[in-house]
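Heads up, the thing below is written out as structure tokens.
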Amino acid sequence: MNIFKKRKPPQLSRSQALNARPMKNEALIWKKGPDGETIIHFPDKKDKLLKFLVKLFPVPQRRRLVLDEIGSFVVDNCDGNTSVKQLVDLLIKKYKLTRKEAETSLFTYLKQLGQRGIIGFEIRKKEK
């Protein structure tokens, strides 16, 4: 048994994935830009290599990510109360997408945000 082997996250069923409730990482700084886009500021990492590189190269004080209109719409609705299924329905209604287009693009986008630590998911055992 390799104790250093990274565990794979448990696989969710389609139903569990649709009932998951995404929520924003409150450790990040969330702001709205002048055009309504969402701007996410990441806290600085304090390590020796970064401190050394900052002395050599000018870098911004904080890293940031600016989301476009659709990305901002999705993240604004990641409140811990809205399920992925409800987000799909909102995307279909607002942007006139097919269910398949909305589900496919939303699943991919939420997975990327989750991997970067921008959002987390609440998985409920049974949906009422």
In terms of modelled amide H atoms, which long-range or inter-chain residues lie less than 5 Å from the amide H of residue 64?
42
Under a crude label model (7 Å from the Cα following the beta-carbon direction), how far is residue 101 from residue 37 in nanometres?
2.2 nm
List every residue whose amide H lies under 5 Å from the amide H of residue 116, counting only residues 5 or more places away in sequence or on a different chain, with H placed 1.01 Å from N in the peptide plane.
none
Scalar couplings 3J(HN,Hα) for region 36-43 by Karplus 6.51 cos²θ - 1.76 cosθ + 1.60 (θ = phi - 60°), nearest whole Hz, x for Gly and Pro, are x, 6, 8, 10, 10, 9, 9, x
Scalar couplings 3J(HN,Hα) for region 77-82 by Karplus 6.51 cos²θ - 1.76 cosθ + 1.60 (θ = phi - 60°), nearest whole Hz, x for Gly and Pro, are 9, 8, 10, x, 10, 8
List the residues, sorted by chain then number, that are 5 or more residues from residue 38 or on another chain and whose placed amide H is less than 5 Å from its amide H.
33, 67, 72
In order through region 13-29: 3J(HN,Hα) via Karplus (6.51 cos²θ - 1.76 cosθ + 1.60), integer Hz, x for Gly, Pro:
6, 4, 5, 5, 5, 5, 8, 5, 10, x, 9, 5, 7, 6, 6, 8, 9
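Only the coordinates and a few stated rules stand behind these numbers; no lab work does. Predicted, not measured: the structure shown is a model, and the values here were computed from it. Positions of Cβ are backbone-derived with ideal geometry, glycine not excepted, and every protein chain shown enters the neighbour counts.
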